[in-house]
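Contents: one structure, followed by commentary.
Throughout, read-outs are computed from the coordinates displayed, never taken from laboratory work. Here the structure is a predicted model, which is why all the values come from computation and not from measurement. Note that each Cβ is placed from the backbone with ideal geometry, even for glycine, and that neighbours are counted across all protein chains shown.
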C-alpha cells in the first residue's frame, strides 16, 4: 500500500521508500516453477514481453502476478539522474497490454473497464519464465530522454531543509 | 555489525599498549628486578605510543570530532565516558612513569606510580570491553566472554612485546616466555570458548520481534512463520550500512584461521624458541597485532544487531 | 516546557509517560506517517535538517525518524500481511541515554527521549544500543537524529488543542496511531492498550519500551449464508418501506 505516493513527481522523499519495483508471485507457485526471489524473468503476453526481477510473497493468489506499476521511467525523465533505479531496475507492464481488445467483427473495443472506463489490466494472461543466467537487466530499454535546455544535468548530493517561520 | 576500521585498530593498538603497560608495571614492582630501567622506559614509551595511536584512531570514528571533549561528561553512566576519563588519566600517569623510568628513579614514588599505572591500564581495558558487553541489543557482544577475551588478548599482545624487550635487555628472559606462553594459551582457549558459546541457538527471532506470540498472526493460528515482505526503502539506509554487514560462513572460518595463525601460531613459535634476535621479535609482535586485528574485525563482522530482525533476518 | 526541547519538567507532582499506540489491525502501510514525520521535523529547531543523500540519484537515502516495514505471517492461504511502522519507543529504561558519553542523549520527565544536537559527537553508540533501529546518524551534521514525539507541537499552545499531537498521528488516514499519556489509566492510549491487548516490542531486552502495538483483531465469524440473506432482505425492506409509505 505504499506505491501511490510516488506517482507523477518522484519526490525526493517518496522515492526513498520505493524507487524500483519487482514482479510479485505466490511463493508456492514460484517454487513449483523453479523460481526464487531476485530471479530475472521474462513476462510475455499476446502483445509483447518484458524482462524484470521477481519477488515471491504469500499474500498473492497463486495464478496471479502483480507489480507496483508506474515506477519504471525512461532514463533522464522526471528530473532524475540517468542512473536512477527507476530507469535501471524499474519496469512497466504497459508493454504487455494492448490498447484495444482483440477484434470481434468490424468494431474494436478499447481494453477498458466497461463501467469506469479505467484501463482494464486485470484480465491479461501472461507467461512467466526464468531468464538464462546471462540475461539480466530490465527489458525493453530506451535511449535517454533529451534534457531540457535549462537542465545542466547536475543534481544535488545532499538536501537540507530548514523550517521557515 | 559493520567492522569500523578505526575502532578495530583502536582496540588492538590500545589493547596491546595497555596490556604491555600493565605487565611492565607489574614486572617493575616485582621484588627481584627482572628488567633494567632503560628497558622499562622503552617499554613504557612503546606502550604509550600504542595507546595514543589507538585513541587517535578512535577519534576518526566520530562523525563530529569537535564535540569529542564532551565525552568526559557522563562518567556516572556511560562506559565510553569512563573509558575517556580513565584513558586521559592514564596518559598523564604514564608520562610521569616514563619520566621516572628514564631518570632511573628507584624509590617508593616510582613503585606507587607503577601500581597506579597498572590499575589504570586494567580499568581502561575493562571500560573498553564493557562498551561492547553492555549492549543488550547485540547478543554476540552482551556476554561475559567479551571482557574476558579483550583483557586476555590485550595482555597476550602486550606480553609478546614485553618478551621482546626481555630478550633484548634482561639477563634471563625465560620467566617472560613462561608469562607470555601462559597468557597466550589462556587467551586462545577463551577465544575458542567464545566462538563455541556463540554457536548456541538462543537468539531472538523475527516472529518474536514483531509479536507473533502477542497476536500478530493470521486468525485462528497460534504459531506462524513470519517473513519480510518489503523493508520500506529501495536503497541503503544508515541502519543497513551500520548493521546490515554479513559474513558468509566459509569466510568466517577463513578469518578465524587467519586470526589464530597470525595472532597466536606465529608469535607462539617465537615464544617457545629458546632465543631470538630483534628482527624476529619485530615480526612476532607484528604478526600478533595483525592476527588480533583480524580477530577484532571478526568480532564486529560476526555480531548481529537485533534491528536486523526487523530488516528480515530470521534470527539474531 | 519550551518548544526547543530544553527538558524542563512538565509538572511537579503528576508523572507523565508520553508515547504512541499503533494499531496493526487498521494500519494499511501507506507510509503517510513516515512522510508527515519528515515533513514536520525536517529543519525543526529541535533536530535541524533530516538530510537526504543523492535525492535524485542512483541510491536515494536519508534520515527518517519513522520507517514502515511490511511482513507476512503464515503461509498462503492462511497468511496475513502486517504493516509495521516503527519509531522511537521512548523506553522507560533507555540504554541509548545510558551509553551516551556526552550527555547529548537525555530523557525528559515526560518520558520523551531527545538528542541535544549541540552536544552530540556522532559516536553511534546510542544507535548500537537501540534494538529498534530508532536512531539514525545524519552524515551532514555528524549528529544522531531521532523521533522527538513532535515535542515542538504537542505543547504548543498556539496550535488548536486537537492539533497538539505528533505529525504522524495527525496524518494517519486510518486512525491507526494514537498519542497520549500511558501513566494515566483513563487516557485513550491506556484504555486501548488494555482493551486490545497492546504490547511493547521485545520486552525481554529490558528497556521497557513505552509505545504499544495493538495486534490484529480476530475477525468475527460469518453467521452463515442464510443469516446474510435475511440481513440483506431486512436492509432492503427498511430502505424501501419509507419510499413505499410515501
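Structural remarks
- As a calculated quantity, the FRET efficiency between residue A:108 and residue A:146 at R0 = 30 Å, using C-beta atoms, amounts to about 0.35.
- Spatial offset of segment A:69-107 relative to segment B:166-205 amounts to 62 Å, using the alpha carbon center of each.
- Stretch gain in nm, segment residue B:109-residue B:225, where the contour uses 0.36 nm per residue and the Cα spacing is subtracted: 35.1 nm
- Rg(Cα) / (2.2 N^0.38 Å) computed for segment C:18-245, rounded to two decimals: 1.25
- Taken along the Cα-to-beta-carbon direction at a fixed 7 Å, the label points for residue B:56 and residue B:168 span 2.0 nm.
- Mean Cα-pair separation over length for chain B, i.e. relative contact order, pairs under 8 Å, 6 or more apart, %: 25
- Residue mean of other protein chain beta carbons inside 10 Å, B:59-66: 6
- Computed over chain B, the Cα gyration tensor eigenvalues convert (square root of 5λ each) into semi-axes of 42, 22, 16 Å, ordered from largest to smallest.
- Cα centroid of segment B:1-80 to Cα centroid of segment C:66-117, whole Å: 35
- In terms of other Cβ atoms within 10 Å, A:146, C:145, B:315 run from fewest to most in the order A:146, B:315, C:145.
- The label point for residue B:202 and the one for residue A:32, both projected 7 Å from the Cα toward the Cβ, are 4.3 nm apart.
- B:253, B:240 arranged by Cβ crowding within 10 Å, fewest neighbours leading: B:253, B:240
- Degrees separating the helix C:32-41 axis from the principal Cα axis of chain C, which is the longest one: 30
- Mean ellipticity per residue at 222 nm, deg cm²/dmol - from DSSP H runs of n ≥ 4 across chain A, formula -39500 (n - 2.57): -1500 deg cm²/dmol
- Relative contact order computed over segment A:3-130 (Cα-Cα under 8 Å; 6+ residues apart), in percent: 27
- Ranked by how many other beta carbons lie within 10 Å on average, peptides B:71-83, C:227-239, B:151-163 from highest: B:151-163, B:71-83, C:227-239
- Among B:88, B:173, B:108, the largest mean-square fluctuation in a Gaussian network model of chain B, built with springs joining Cα atoms closer than 10 Å, belongs to B:108.
- Per-pair calculated FRET efficiency, R0 = 35 Å: residue B:88 and residue B:32 via Cβ, rounded to 0.05: 0.55
- Among beta bridges that DSSP assigns inside segment A:3-130, antiparallel share in %, nearest 5: 80
- Listed residues A:127, A:107, A:155, most fluctuating in chain A (Gaussian network, C-alpha, under 10 Å): A:107
- Once C-alpha pairs closer than 8 Å and six or more residues apart are averaged by separation and normalised to the residue number of segment C:18-245, the relative contact order reads 26 percent.
- Scattering from segment A:3-130 was approximated by placing one identical point on each alpha carbon and applying the Debye formula without solvent; log10 I(q)/I(0) at 0.14 1/Å stands at -0.71.
- Helix axis angle, C:225-245 relative to chain C longest principal axis, alpha carbon, degrees: 80
- On Cα atoms only, tilt of B:249-260 relative to the major axis of chain B in degrees: 10
- Relative to the 2.2 N^0.38 Å rule of thumb, the protein assembly as shown has a C-alpha radius of gyration ratio of 1.16.
- Residue order for C:84, C:199, fewest other beta carbons within 10 angstrom first, comes to C:199, C:84.
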